[in-house]
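**Q** One structure, as structure tokens, below. Some questions next.
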């Protein structure tokens with residue numbers, strides 16, 4: 001198994017794409033099947049986003065200042081995905097917007113993945129050596145064991161909820 005951070009993230013992307021396709025294939029099927037797939041999607045995205053936000057993005061931001069704008073955009077794309085994940089996590093699969101919200105999440109994440117793989121990863125690979133990417137990857141592998149598996153309310157949403165309940 002590779003410890004290269006980019007290889008690890010691309011492996012996650014592959015699994016996430018597989019889950020997306022499975023959901024799309026089951027979209028007209030029973031609610032229980034869709035709910036099971038969405039639960040797997042949410043777990044995969046929650047872990048993946050956590051690793052990028054906690055290890056990959058901060059490390060690359062420090063080591064490769066030329067990709068600062070890409071990283072800031074990625075943080076915002078993650079925020080949008082976090083909101084959708086949290087909303088889906090709290091929804092019933094029979095809700096009339098469940099499939100639509102999942103489709104929007106899928107489209108958003110696929111756009112993000114495409115940008116990372118086609119634009120961002122090549123810049124990072126060129127700027128960082130193999131050993132640096134392996135060190136980052138090893139930290140990601142270690143942190144994966146402690147990564148959250150279910151989406152939490154995004155910080156902005158938590159503040160709004162706290163204000164309402166205060």
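**Q** In the stretch 76-94, which residues are in a helix (DSSP H, G or I) and loosely packed, with under 14 Cβ neighbours inside 10 Å?
**A** Matches in the stretch 76-94: 76, 90.
Every residue, every condition in (1) modelled with pLDDT of 95 or more; (2) in contact with a strand residue (DSSP E or B) (Cβ under 6 Å, 6 or more places away or on another chain); (3) part of a loop (DSSP other than H, G, I, E, B); (4) closer than 18 Å to residue 17 by Cβ, yes or no:
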residue	(1), (2), (3), (4)
73	no, no, no, no
96	no, no, yes, no
104	yes, no, no, yes
108	yes, no, no, yes
112	yes, no, no, yes
120	no, no, no, yes
149	no, no, yes, no
158	no, no, no, no
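**Q** Does residue 143 satisfy being under 22 Å from residue 24 (Cα atoms), assigned to a helix (DSSP H, G or I) and modelled with pLDDT of 95 or more?
**A** Spelling it out, it is not the case that residue 143 is under 22 Å from residue 24 (Cα atoms), assigned to a helix (DSSP H, G or I) and modelled with pLDDT of 95 or more.
**Q** In the stretch 59-72, what residues are loosely packed, with under 15 Cβ neighbours inside 10 Å and in contact (Cβ under 8 Å) with a residue 40 or more places away in the chain?
**A** Within the stretch 59-72, the first condition is being loosely packed, with under 15 Cβ neighbours inside 10 Å, and the residues that meet it are 62-63, 65-66, 68-69, 72.
If the condition is that a residue be loosely packed, with under 15 Cβ neighbours inside 10 Å and in contact (Cβ under 8 Å) with a residue 40 or more places away in the chain, then 63, 66 are the ones that fit.
Let's see how each residue does on (1) modelled with pLDDT under 95; (2) buried (at least 18 other Cβ atoms within 10 Å of the Cβ):
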site	(1), (2)
2	yes, no
10	no, no
16	no, yes
29	yes, no
38	no, yes
44	no, yes
48	no, yes
51	no, yes
57	no, yes
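**Q** Kindly provide the set of residues from the stretch 1-43 that are free of Cβ contacts under 8 Å to residues at least 24 places away in the same chain and in a helix (DSSP H, G or I), ordered by number.
**A** Once the filter is applied, which keeps residues that are free of Cβ contacts under 8 Å to residues at least 24 places away in the same chain and in a helix (DSSP H, G or I), the stretch 1-43 yields 11, 14, 18, 21, 22, 25, 26, 33, 36, 37, 39, 40.
The values are calculated or read from the model by the stated rules, or taken from the named source; none is laboratory data. Given the structure is predicted, the values throughout are model-derived calculations rather than measurements. Quick reminder, even Gly has a Cβ in these numbers, built from the backbone with ideal geometry, and neighbours come from all protein chains shown.
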